[in-house]
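Undergrad: Once you've had a glance at the structure underneath, I'll fire off some questions.
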Amino acid sequence: MSGYKTGFFAVFFFLFSFSVSSYAGEKVTRHVSAGVGYALYGMRDLGLSPLHYDGDHIFLTTSLQRHTGKAISIAEVSFMNGRISPDINPLLTTAEMKSMKLYIHYSYYRYTGSILNNARLYLGGSTLLHSASYRHNLFINSSINLNTINSLNLSGMISLPFAVNEREHLLELHLQAPVAAFIVRPSYAYIKPSGFLDHSSGGLESIFRSIEVATVDRFFSLNSGVSLKYSLRNNSALRICYRWEYMEHSGDNPFNSATHGIVLQTIFTL
Amino acid sequence: MKRHFIILAVIIFYSCEKFFMEDPTENNHINNFDLLWQVIDEKYSFFTYKNINWDSIYNVYRPKVNNDLSVQEFFDVMAGMLNELRDGHVNLYSNFAHSANFDWHLGHRANFNLENIHNNYLVSNFFSAGPFLVSEIDSVGYVYIPSFADEFRESDLDSVVEHLYGLKGIIFDVRNNSGGLNRTGRLIAGRFADSVRLVSYTLYKTGPGHDDFSKPQPNYIGPHGKKRFLKPVVVLSNRRSYSATNDFVMNMAAFPHVTVIGDQTGGGGGTPYDYELLNGWRCRFPRTMTLAANGFNIEHGINPDIRVNISRTDELRGIDTIIEAALVFLSSRSLKTHIQSENLQDY
């Protein structure tokens, strides 16, 4: 697996390294968007179980975007809620986890040049705060598990404008991968119902003990998406986006997860 | 050109996570046995304290496992291996059965008769608030708590303290209370706290070695609630006072106006955590260790300040010898340090 990672980063840094002089347009536009979607989420946390859990989630997202001719910055908050269960015969267990995830994502892309004739290439960086909670229906003292991962990423985006019936639409493709991450993943945290008593600091100790700053040898993720933006006549737009996210943390309690999501957004120009 | 773009998109976006994920371990009896043995080996708290050789237990049970065993036979082997830990907090749960160990109270005197308590101590004029059954006996409050498993409203506890506030003492009976949530017992203890006191230390399992624990984390209990009862209090315990009840007895014993009377508690000082196996079964085992404020490991129980057993003759006459001893103690209003436990032994 480390070979795949090395290969991926080699390609990514190669793409990142060739710079093209910036595009000179200076027009600034701002957009706000709101969206709803469906996601299929799967995870395996060996701190809790060797079983792979997956299930359906609802996805809510809102974002603020700023476009200039040279750069695009995007601030986005997303929330995902659903239930996951083990991928074994349901007659063998009634295990189920409630899963909630919060994403706070800021990306900055700089225009780098044109590729493939009229596609525009942007490269940049992003920070992604990803916080998740799981509540197991059968576990008692380790039923609630919280983790937070804040990663610094390299990001790339290709956007391909095209026209249909004299109206401009946009096909976008983005990809990001981390260079470092701040991780808080206690192996077990809270009893059910939540919380230790005031003077009992066990849960907090478990959280502090788990804090870690990791680089790609211990934390790896890929976050990507492809979206189609359909312009409306009133200067707004609809966007349908397919997102895929993979995350992996090795260590005492290895963890990996993957999300496939489809989001429908309305974009308003401010 | 657009075709290249679409090919790139397909490569990047539809590259499934299976590309990165390792193949899961195959779900069969042997792998499940090895997983259970390894999880317990790395995470269970009391190997050193109980002087258990887990490697030799593997050598005894591993040859009994093969992938042709029936599910029931396999369960029995797994449960048998866990039973070697002699721990009431260790269980194996499947979709058809679960295993448990009761060594902590089997073979010991019961020291409890609920019918006698209802007939002669709670009688018909008791009141209940949440899980508390409360009555008054000779100007002494009697409170029976059958379980710490359920949450209760703080107002229930406040009403109990309010109801008994003017009395000369309180008997808290936690015999046959096999535990539940530590939090419940600690909430109660806060109503009897004269000041913030160190009551215990928790050690968390932090690594795979049998002695890989965190530093002892201190636990304190301080005054809590609208009113607090600081007159003499007696806590009654027996061998079935286990787990969260064991914790409650330890916490209450930290206060100078509290005396523990009855039999040794059953123990259960480690907080149990859950883990799943590849076949969906679930195991439960302690991943912490609790020491009293004086450093005493409470896993095998806490000795009372005054040891009293229920005599057969008293029990047949409907008398609870342990409650009677508590009433005598509270009536004398003596401090526990002035009582010679020998005087009350061997009822």
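The values are calculated or read from the model by the stated rules, or taken from the named source; none is laboratory data. Computed from a predicted model, the values in this text were never measured in an experiment. No Cβ is skipped: glycine too gets one built from the backbone with ideal geometry, and neighbour counts run over all protein chains shown. Ligands, DNA and RNA are stripped out before the accessible areas are found, and what is left, the full protein with its side chains, is counted by its heavy atoms. Shrake-Rupley method; radii C 1.70, N 1.55, O 1.52, S 1.80 Å.
Undergrad: Which FRET efficiency value, to the nearest 0.05, do you get for A:PHE208 and B:LYS231 by plugging their Cβ-Cβ distance into 1/(1 + (r/R0)^6) with R0 = 56 Å?
TA: After rounding to 0.05, the efficiency reads 0.90.
Undergrad: Let me check I've understood the local charge: for A:ALA39, count other residues with C-beta under 14 angstrom from its C-beta, Lys and Arg +1, Asp and Glu -1. What total comes out?
TA: -1
Undergrad: Give the residue list of chymotrypsin sites (Phe, Trp or Tyr not before Pro) in segment B:90-185 that are DSSP loop and have at most 14 other beta-carbon atoms within 10 angstrom.
TA: Loop-located and lightly packed - B:PHE96, B:PHE102, B:TYR165.
Undergrad: Determine the order of B:LEU35, B:LEU236, A:LEU64 by accessible area, beginning with the largest, at a probe radius of 1.4 Å.
TA: Sorted by accessible area, descending: A:LEU64, B:LEU35, B:LEU236.
Undergrad: Extending each Cα 7 Å along its Cβ direction at A:VAL179 and B:GLU151, get the distance between those two points in nm, one decimal.
TA: Between A:VAL179 and B:GLU151, the simple spin-label model gives 4.6 nm.
Undergrad: Using a Förster distance of 51 angstrom, determine the FRET efficiency expected from the C-beta separation of A:ARG167 and A:LEU129, and round it to 0.05.
TA: 0.90
Undergrad: Given the -39500 (n - 2.57) contribution per DSSP H run of 4+ residues, what per-residue ellipticity at 222 nm results for chain B, rounded to the nearest 500 deg cm²/dmol?
TA: Value at 222 nm, helices only, nearest 500: -8500 deg cm²/dmol.
Undergrad: Would you mind giving the mean number of other chain beta-carbons within 10 Å of the Cβ of each residue in B:83-96, as a whole number?
TA: Rounded to a whole number, the mean comes out at 1.
Undergrad: Roughly what would the spin-label model give for A:PHE79 and B:TYR49, points 7 Å off Cα along C-beta, in nm?
TA: Taking the simple label geometry, A:PHE79 and B:TYR49 are separated by 4.2 nm.
Undergrad: How high is the relative contact order of segment B:239-336? Use alpha-carbon pairs under 8 Å, at least six apart in sequence, and give a whole percent. Before the final figure, lay out the partial values.
TA: Details: 147 pairs, mean separation 27.9, N = 98.
Across segment B:239-336, relative contact order equals 28 percent.
Undergrad: Which whole-number percent is the relative contact order of chain B (Cα, under 8 Å, 6+ apart)?
TA: 17
Undergrad: Distance between Cα centroids, segment A:43-105 to segment B:212-285: provide it in whole Å.
TA: Taking the Cα centre of segment B:212-285 as reference, the centre of segment A:43-105 is 37 Å away.
Undergrad: What translational diffusion coefficient, in µm²/s and rounded to a whole number, does the Stokes-Einstein relation yield for the protein assembly as shown at 20 °C and a viscosity of 1.002 mPa s, taking the hydrodynamic radius as the Kirkwood radius over Cα pairs?
TA: Calculated translational D: 76 µm²/s.
Undergrad: Follow-up question, since we're still on this one. How big is the C-alpha Rg of chain B next to the rule-of-thumb value 2.2 N^0.38 Å, as a ratio? If you can, show how the numbers build up before the last one.
TA: Values: Rg = 25.3 Å, N = 347, 2.2 N^0.38 = 20.3 Å.
Cα-based Rg divided by the globular estimate yields 1.25.
Undergrad: Anything over 22 Å Cα to Cα? Flag those among B:LYS64/B:LYS205; A:LYS70/A:LYS229; B:LYS43/B:LYS64; A:LYS98/B:LYS43; A:LYS27/A:LYS229, in the order listed.
TA: Too far apart for the 22 Å limit: B:LYS64/B:LYS205; B:LYS43/B:LYS64; A:LYS98/B:LYS43.
Undergrad: Would you mind giving the total buried accessible surface between chains A and B, with a 1.4 Å probe and ligands, DNA and RNA left out, rounded to the nearest 100 Å²?
TA: 4600
Undergrad: Continuing with this model, one more query. Using a ≥ b ≥ c from the Cα gyration tensor of segment B:202-251 (square roots of the eigenvalues), is it rounded, prolate or oblate, where a/c under 1.5 gives rounded and otherwise the larger of a/b and b/c decides, a/b for prolate?
TA: oblate
Undergrad: Take every DSSP beta bridge with both residues inside chain B and express the antiparallel ones as a percent of the total, to the nearest 5.
TA: Around 60 percent of the beta bridges assigned by DSSP in chain B are antiparallel ones.
Undergrad: Suppose R0 equals 30 Å; then what is the FRET efficiency for B:ASP68 and A:ASP56 from their Cβ-Cβ distance, rounded to the nearest 0.05?
TA: With R0 = 30 Å, the Cβ-Cβ based efficiency is 0.20.
Undergrad: Okay, moving on. Hey, any idea what % of segment B:132-257's accessible area is carbon plus sulfur with a 1.4 Å probe?
TA: Carbon and sulfur atoms account for 48 percent of the accessible area of segment B:132-257.
Undergrad: Percent antiparallel among DSSP beta bridges with both residues in the protein assembly as shown, to the nearest 5?
TA: Bridges in the protein assembly as shown that DSSP calls antiparallel: roughly 90 percent.
Undergrad: Which net charge results for the neighbourhood of B:PRO208, defined as the other residues with beta-carbon distances under 13 angstrom from its beta-carbon, given Lys and Arg at +1 and Asp and Glu at -1? It would help to have the intermediate numbers written out before the result.
TA: Details: positive: B:LYS43, B:LYS205, B:ARG287; negative: A:ASP252, B:ASP41, B:GLU42, B:ASP211, B:ASP212.
Net local charge, B:PRO208 excluded: -2.
Undergrad: In peptide B:211-223, how many Cβ atoms from other protein chains are near each Cβ within 10 Å, on average? Present the calculation step by step, with values, prior to reporting the outcome.
TA: Values: counts 0, 0, 0, 4, 1, 0, 6, 3, 6, 5, 4, 2, 0.
Mean shielding by partner chains, rounded to a whole number: 2.
Undergrad: Something else now. Among bridges DSSP assigns within segment B:186-293, what percent are antiparallel (round to 5)?
TA: 75
Undergrad: I need the phi-derived Karplus couplings for segment B:98-113: 6.51 cos²θ - 1.76 cosθ + 1.60, θ = phi - 60°, integer Hz, Gly and Pro marked x.
TA: For segment B:98-113, the Karplus curve yields 9, 9, 7, 10, 10, 4, 5, 10, 5, x, 10, 5, 5, 6, 6, 9 Hz.
Undergrad: With +1 on the Cβ of every Lys and Arg and -1 on the Cβ of every Asp and Glu, and nothing else charged, how large is the dipole of chain B about its Cα centre, in debye rounded to the nearest 20? List each step's numbers first, then the result.
TA: Values: 32 positive and 39 negative charges, 198 e Å.
Computed about the Cα centre, the dipole is about 960 debye.
Undergrad: Further, regarding this structure: For segment A:128-152, which residues drop by 50 square angstrom or more in accessible area between the chain on its own and all protein chains together (1.4 Å probe)?
TA: Checking the loss per residue gives A:PHE139, A:ASN141.
Undergrad: With a 1.4 Å probe and every protein chain left in place, tell me how much accessible area B:GLU315 has, in Å² to the nearest 10.
TA: 60
Undergrad: Please give the per residue accessible area of chain B, computed with a probe of 1.4 Å over protein heavy atoms only, in Å².
TA: On a per-residue basis, chain B sits at 43 Å².
Undergrad: Given a 10 angstrom Cα cut-off, can you work out which residue in B:GLY179, B:GLY225, B:GLY169 is the most mobile in a GNM of chain B?
TA: Checking each option, the largest mean-square fluctuation is seen for B:GLY225.
Undergrad: How much of the calculated P(r) for segment B:165-272 lies past 19 Å, in percent of all Cα pairs?
TA: Value for segment B:165-272: 46 percent of Cα pairs lie more than 19 Å apart.
Undergrad: Let me make sure I get this right: for segment B:170-213, a, b and c are the square roots of the gyration tensor eigenvalues over alpha carbons, sorted descending. Under 1.5 in a/c it's rounded, otherwise prolate if a/b > b/c, else oblate. Which is it?
TA: oblate
Undergrad: Could I ask something else about it? Please express the shape of segment A:29-124 as an equivalent ellipsoid: the semi-axes are the square roots of 5 times the eigenvalues of the C-alpha gyration tensor, given largest first in whole angstrom.
TA: Semi-axes from the Cα gyration tensor: 38, 16, 11 Å.
Undergrad: Just going by the charge dipole of segment A:212-266, with Lys and Arg at +1 and Asp and Glu at -1 on Cβ, which of A:ALA214, A:LEU232, A:GLY261 is farthest out on the positive end?
TA: A:LEU232
Undergrad: Given labels modelled 7 Å from the Cα in the Cβ direction, how far is it in nm from B:HIS108 to A:VAL36?
TA: Taking the simple label geometry, B:HIS108 and A:VAL36 are separated by 5.8 nm.
Undergrad: Quick one: dipole size for the protein assembly as shown, taken about the Cα centre, charges +1 on Lys/Arg Cβ and -1 on Asp/Glu Cβ, in debye to the nearest 20.
TA: 2260
Undergrad: Under unit Cβ charges (Lys, Arg +1; Asp, Glu -1), what dipole magnitude, rounded to 20 debye, does segment A:36-172 have relative to its Cα centre? Kindly include the intermediate steps, with their values, before the conclusion.
TA: On the way: 10 positive and 9 negative charges, 76 e Å.
About 360 debye.
Undergrad: Using alpha carbon centroids, what distance separates segment B:60-101 and segment B:127-177, in Å?
TA: Here the answer is 40 Å between Cα centres.
Undergrad: Are there any residues in segment B:276-304 with a reduction of at least 40 Å² in accessible surface when going from the isolated chain to the assembly of protein chains? Probe 1.4 Å, please list them by number.
TA: B:GLU276, B:LEU278, B:GLY280, B:ARG282, B:ARG287
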